[in-house]
Amino acid sequence: MGLNKTDINQKAMASRMKTKFDKYWGDMENMNVMIFVACVMDPRYKLKNVSFIIRESYGSGRNSIAGALIAKVRFVLDQMYKHYEAKTWNSPPVRTNQAKGPNPTTETGEDTENTYDLDSLIDIHEESEENSGDQTELESYLSDPCVPRSDPDFNILHWWKRSASRYKTLSLMARDLMAIPVSTVASESAFSTSGRLIDAFRSSHSKNG
């Protein structure tokens with residue numbers, strides 16, 4: 001029995017989807033590891049569940065590939081954390097002269113324009129005390145239990161906003177990772193056999209942008 005038109009179209013569509021899958025997921029060297037790093041920053045998954053998903057995706061016959069990918073994810077995660085940690089702790093403390101108007105004075109009449117906000121200094125001191133132990137902020141986050149995945153109303157952005165005081169550095173990482181733009185290509189293009197659905201102008205980046 002020969003293939004009908006529907007079968008031929010489905011075969012062509014499956015072939016295109018396989019090509020796209022192999023392009024982004026088939027070769028670990030070409031894979032965008034930031035996809036997995038962003039998943040680690042989801043408190044419902046973290047590294048433990050992302051590692052499990054990677055191993056399950058590659059299967060028992062490709063453990064070495066899965067292990068190498070997990071190690072790569074952890075390496076990138078550690079490097080990002082060190083970069084953001086340096087930026088966080090090198091930022092200047094907040095000063096008290098934020099509002100407009102006359103500069104406040106002390107009881108002795110001295111100008112306090114350059115006086116650091118006491119609350120900010122206390123916050124910095126407490127954070128340094130909390131981070132003086134064996135665990136880094138990243139290690140603490142990864143070792144804490146995952147947030148239950150059963151909540152349908154869970155909002156990852158709100159979670160990181162609420163957790164910013166505890167995870168000062170990681171919250172900045174999460175903010176930037178969650179802000180990475182996604183493609184504007186129409187979803188139909190992945191399932192279409194008719195060729196390009198967008199023109200070169202829409203799929204290109206502005207030279208000035």
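The values are calculated or read from the model by the stated rules, or taken from the named source; none is laboratory data. This structure is a prediction, so every number in the text was calculated from the model and none was measured. FYI the Cβ positions are ideal-geometry reconstructions off the backbone, even for glycines, and counts take in every protein chain you see.
For the residues Glu110, Glu127, the requirement of being acidic (Asp, Glu), more than 30 Å from Asn49 (Cβ to Cβ) and modelled with pLDDT under 90 singles out Glu110. Suppose the filter is basic (Lys, Arg) and either at pLDDT 90 or above or touching a His at 6+ places or on another chain (Cβ under 8 Å) (or both); does Lys100 pass it? No: the conditions fail for Lys100.
Summed over region 150-162, residues that are in contact (Cβ under 8 Å) with a residue 40 or more places away in the chain and not in a helix (DSSP H, G or I) total 1. Taking first residues from region 30-42 that are more than 17 Å from Ile156 (Cα to Cα) and partners that are charged (D, E, K, R), the Cβ contacts under 6 Å between residues at least 6 apart in sequence or on separate chains come to Val33/Lys72.
Asp153 satisfies every condition listed in (1) charged (D, E, K, R); (2) out of contact with any Ser or Thr (no Cβ under 9 Å at 6 or more places or on another chain); (3) at pLDDT below 55 except (3).
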